[in-house]
1. Suppose the chain between K167 and K3 were pulled fully straight at 0.36 nm per residue; how much longer would it get relative to their current alpha carbon spacing?
2. Work out the length of the dipole vector of the range 29-177 about its Cα centre, built from +1 on the beta-carbon of each Lys and Arg and -1 on the beta-carbon of each Asp and Glu, and round it to the nearest 20 debye.
3. Indicate the gyration tensor shape class of the range 1-117 (rounded, prolate or oblate), computed on the Cα atoms with a ≥ b ≥ c the square roots of the eigenvalues: a/c under 1.5 is rounded; otherwise a/b larger than b/c is prolate and the rest oblate.
4. Would you kindly state the longest site-free stretch of the chain, with sites defined as GluC sites (Glu not before Pro) in a DSSP loop (not H, G, I, E, B) surrounded by at most 13 other Cβ atoms within 10 Å?
5. Suppose the chain between A157 and D100 were pulled fully straight at 0.36 nm per residue; how much longer would it get relative to their current alpha carbon spacing?
6. Can you list the lysines whose alpha carbon is less than 19 Å from that of K3, not counting same-chain residues fewer than 8 positions off?
7. Calculate the FRET efficiency for K60 and I184 from the Cβ-Cβ distance with a Förster distance of 41 Å, rounded to the nearest 0.05.
8. Using only alpha carbon pairs under 8 Å that are at least six residues apart, calculate the relative contact order of the range 120-172 and give it in whole percent.
Amino acid sequence: MYKRILIKVSGEALAGSKGYGLDTAAIHVVAEQLCKISDMGVELGVVIGGGNFWRGRDCKIEDRVTTDYIGMLGTAMNALALGDTIKSLGHECDVMSALDLHEVADTFDTRTARKKLADKHIVIFSCGTGHPYFSTDTGAALRAIEIGAEAILMGKAIDAVYDSDPKKNPNAKIIENPTLDDIISMNLQIMDIPAASLCKQNNMPIVFFPANEASNMSDLVSGKISGLIIK
Ligand code: UDP
């Protein structure tokens, strides 16, 4: 069993069948799973995405910096919704933000985050890295390393790692036992390259689980089911 982990929850896991915005039933499913994992005694940090509201790289606003700040603010909205739901289930939970949003969240610092985790609080890290041109995958890699997590559990809609995009290339082949080096050297799009590089440099394994199966997260942590492990 893990002592401390970081779970990356994609924004779409909070959107339910609508596929955008927030869905209270979907948020409950994720919150219940996180509480279950915390109840197993696992110290739990969570990085939440924002793709249910906005993805900077897909949006046509003049300045990429502005679009990315909009994306980061989307992750803050998700974090607040998830954090309150976790608290309503009777768990201690803190929302920290990489951007200064002091009316609604504590600004992230490593020492406070580690202390809250050691006190068995679930800690949600919002606003990714706090910098444009990054993604919440990179935010997850960074926070996992900073808090001393043993692994990142990464919610993504992937079943296997292919040597090229199977949606574009019908001859794409599955890579058996893929590594972070494969992702980096072949520029595979299953996660951001900066995130893969940070994990590689810091020996941080990543366990992928299907993004739309948030209800399986606790089974993954308890070892009842296995995810795709890349290191
Ligand atoms: N973002 C950013 N810097 C970060 C993290 C996120 O600028 O460190 C912005 C970026 O525009 C991104 C959006 O926030 O597209 C939402 O994050 P992401 O796409 O990673 O969310 P997910 O797809 O995981 O739900």
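We did not get these values from a lab; they are worked out from the coordinates using the rules stated. Here the structure is a predicted model, which means the values were calculated and not measured. Every residue, glycine among them, receives a Cβ derived from its backbone with ideal geometry; neighbour counts consider all protein chains shown.
1. Contour length minus the Cα-Cα distance gives 55.3 nm.
2. Numbers: 16 positive and 22 negative charges, 54 e Å.
Taking the Cα centre of the range 29-177 as origin, the dipole is about 260 debye.
3. oblate
4. Value returned for the longest uninterrupted segment is 104-175.
5. Once the chain is fully extended between A157 and D100, it gains 17.4 nm.
6. K36, K115, K116, K120, K224, K231
7. Numbers: r = 29 Å, r/R0 = 0.72.
For R0 = 41 Å, the calculated efficiency reads 0.90.
8. On the way: 24 pairs, mean separation 9.1, N = 53.
It comes to 17 percent, rounded to a whole number.
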